[in-house]
1. Report the calculated FRET efficiency for residue 105 and residue 133 (r = Cβ-Cβ distance, R0 = 35 Å), to the nearest 0.05.
2. Which percent of Cα-Cα pairs in segment 78-119 sits in each 10 Å bin, short to long?
3. What distance in nm separates the simple spin-label points at residue 177 and residue 87, each placed 7 Å from Cα in the Cβ direction?
4. Using label points projected 7 Å from each Cα along Cα→Cβ, tell me how many nm separate residue 21 and residue 95, to one decimal.
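None of the figures in this text is laboratory data; all of them are computed from the coordinates on show. Keep in mind that this is a model prediction, so the values were computed, not measured. Note that each Cβ is placed from the backbone with ideal geometry, even for glycine, and that neighbours are counted across all protein chains shown.
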Amino acid sequence: MKSKPQIDEALGLPSAQQWIEMTGQEPEEDTEMDLYQDEDKTETEISLEDAKIAMEKLKAMRVQLRELPDITARKTQLDRLAQMAERKFEDIFDRAFNCEDRFAAEMINAANSMLKIALDAHAKIIDSDVKLVDLQLKKDKMEIELNLKPKKELESVGDSDAIEGQTVVHKTRNEMLASMNRNK
């Protein structure tokens with residue numbers, strides 16, 4: 001039986017020992033209780049460059065997570081179920097011909113239900129793959145559309161004085177009708 005991959009392997013991250021070797025840091029000799037002690041200093045400010053670097057790392061990790069381990073585990077489970085149902089179909093179908101006629105019809109119906117389970121499992125695998133690919137394509141399309149739209153088009157939708165994303169503008173009904181009439 002294949003052992004489950006560790007979290008760092010599933011995410012494509014280096015192990016703790018590899019991380020220490022890559023960064024050149026020495027492992028700290030802290031006791032376990034020292035690791036859980038609250039520290040007085042808290043970091044409240046993050047520079048813009050640090051935030052951008054963190055966002056780039058996050059985007060890179062998102063790209064690596066496209067193959068989701070939960071989905072692959074579910075696929076193997078459904079595949080195993082389908083193979084077992086196919087084997088049981090063959091067993092029950094063979095036994096149906098070796099029993100009395102009055103029981104053969106019920107056994108063939110049972111074999112038929114086993115085959116249906118196998119086909120449903122295969123169809124579920126295919127459907128989940130198609131849905132996953134479809135969602136990924138839609139997400140990529142939306143990201144591309146958002147990144148390709150020039151800022152001038154976004155600003156022309158509302159008032160020329162409004163800046164998108166910074167404030168919320170509240171208008172009365174009359175102000176909205178007046179701005180709609182101006183845009184006609």
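1. Details: r = 42 Å, r/R0 = 1.21.
About 0.25, to the nearest 0.05.
2. 37, 45, 16, 2
3. 7.6
4. Using points 7 Å along Cα→Cβ, the separation is 5.5 nm.
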